[in-house]
């Protein structure tokens, strides 16, 4: 699908790291640096270096009600895009996908498909463990990406940031 590149606009991102171990060590923090969160720092760096801003960062444990709470807070914020990092694996503690995807008004299956396709180059057949997902909720785009720095880099640099304007435009229609 072709789309025109217009004047670049800055968008606001709400970033959520989901990690019980990191939360257990650092508790509630207001920046990824305060939690020694390399993936969170990378998300923040990629977003801001692309000319966008981070409206808020949260660190929460792998808990369905807390994940849903973070999504609801993000929906009430001025954020255009919400990105969760972590909790997308197959372990019993990984509940991000089960917590977030039922909330979607519309799914964006192409994100997970493209993310897995691009991930094959990095991780080979282990890509079958990836449950990256995206969707639309109340006019905002939500991405659920794995928590590794490589996954965050790939998702933001190659998919999310290049398509942000296009996605937000359609989400608001």
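As an equivalent ellipsoid, segment 56-116 spans semi-axes of 18, 16, 11 angstrom, where each value is the square root of five times an eigenvalue of the C-alpha gyration tensor, largest first. Scoring 76-87, 55-66 by mean Cβ neighbours within 10 Å over their residues and listing the highest first yields 76-87, 55-66. Each residue, residue 10 and residue 48, gets one label point 7 Å from its Cα in the Cβ direction; the gap between the two is 1.2 nm. When the helices in the chain are scored as -39500 (n - 2.57) per DSSP H run of 4 or longer and the sum is shared across all residues, what 222 nm value do you end up with, to the nearest 500 deg cm²/dmol? It lands at -11500 deg cm²/dmol.
Between residue 21 and residue 36, the simple spin-label model (points 7 angstrom out along Cα→Cβ) gives 1.1 nm.
Taking the beta-carbon count within 10 Å as an exposure proxy, list 73, 22 from fewest neighbours to most.
Ranked by crowding around the Cβ, least crowded first: 73, 22.
Binning the C-alpha pair distances of segment 17-79 at 10 Å intervals from 0 yields a P(r) profile of 22, 51, 26, 1 %, listed from the shortest bin outward. Spin-label model, residue 92/residue 116: points 7 Å from Cα along the beta carbon direction are separated by 2.5 nm. Direction-averaged projected area, Cα convex hull, the chain: 9.6 nm², rounded to one decimal. The slack between residue 138 and residue 75, meaning 0.36 nm per residue of separation minus the straight C-alpha distance, is 21.9 nm. Residues of segment 26-51 with an amide N closer than 15 Å to a point placed 7 Å from the Cα of residue 63 along the Cα-to-Cβ direction: 26-29.
Read-outs throughout are calculated quantities, based only on the coordinates presented, and are distinct from any laboratory measurement. Just so we're clear, the structure is a prediction, and the values are computed from it rather than from any experiment. Using ideal geometry, Cβ is built from the backbone for each residue, glycine included, and neighbour counts are taken over all protein chains shown.
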